[in-house]
Amino acid sequence: MRGVVFERISREATRFGPAPAAMADEDLLERKCRDAAQNPRGREIHRFHTEDEDSLQRMINALTPGSYVRPHRHLDPPKAETFVILRGALAVVVFDDEGRCRDEDLILLKRGRGAYLADIRPGTWHTVFALTPEAAAFEVKSGPYLPGAAKGFAPFSPPEGTPEAEIYLMDLEDRFRSAWGLPPRVWGSKA
């Protein structure tokens, strides 16, 4: 994007410098997918809203296979969260309070197969994970972003960065791929 200034605002997020409008194009998606691949957590955000206090949070969320987004919900205050697929394929999984999910709770976000958009109701346990090396979605939720109260993690899920989290994600992705008739993933690879 010509003339647009990128600012790194955290180890996992960028935003544009001051401008009256912003846009997402192939260059931005490529950049965020590349950044996600280089990030130790396997994901990156590009923020369109100006401040954490903004009432509408808008961002591109790029993820790589194996990036574990711990199941969570937005309950305090209750917030819906919407994902629109822009590139690749993402899995969205919705859980009940005990951590169970039915096949109909496994949402494939992929152009040409599955859905383009998943809207998660306020207070609903959910997670997302990448099914392709370059997966990116437009994400929207209500603000403000309050770091201490942004999300409540599911007690039925292991914390990020633990060996249990890796096993949990592998089991969940294997189940997802089986339910959707997708080829199995070779674990240990980025595809």
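The values are calculated or read from the model by the stated rules, or taken from the named source; none is laboratory data. Predicted, not measured: the structure shown is a model, and the values here were computed from it. As a convention, Cβ positions derive from the backbone with ideal geometry for all residues, glycine included, and neighbour counts pool all protein chains shown. What goes into the accessible areas is simple: the full protein's heavy atoms, side chains included, and nothing from ligands, DNA or RNA. Shrake-Rupley method; radii C 1.70, N 1.55, O 1.52, S 1.80 Å.
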With criteria (1) outside any strand (DSSP E or B); (2) of a type in the set (Ser, Thr, Tyr); (3) out of contact with any helix residue (DSSP H, G or I) (no Cβ under 7 Å at 6 or more places or on another chain), residue 127 comes up short on (1)
The condition from (1) in contact with a Lys or Arg (Cβ under 7 Å, 6 or more places away or on another chain); (2) within 19 Å of residue 111 (Cα to Cα) that residue 125 misses is numbered (2)
Over region 97-122, the set of residues on the phi > 0 side of the Ramachandran plot and surrounded by 14 or more Cβ atoms within 10 Å (Cβ to Cβ) is 114
Of 138, 156, 129, which residue is touching an Asp or Glu at 6+ places or on another chain (Cβ under 7 Å), at pLDDT 95 or above, surrounded by fewer than 19 Cβ atoms within 10 Å (Cβ to Cβ) and not hydroxyl-bearing (Ser, Thr, Tyr)? 156
One residue is enough: does region 147-155 have a residue meeting the conditions among the basic types (Lys, Arg), without any contact (Cβ under 8 Å) to a residue 40 or more places away in the chain and either in contact with a Pro (Cβ under 8 Å, 6 or more places away or on another chain) or within 18 Å of residue 82 (Cα to Cα) (or both)? no
Is it true that some residue in region 64-85 is closer than 15 Å to residue 140 by Cβ, aliphatic (A, V, I, L, M) and surrounded by 20 or more Cβ atoms within 10 Å (Cβ to Cβ)? yes
Which residues, taken from region 25-42, are part of a loop (DSSP other than H, G, I, E, B) and open to solvent by 60 Å² or more (accessible area, probe 1.4 Å)? 40, 41
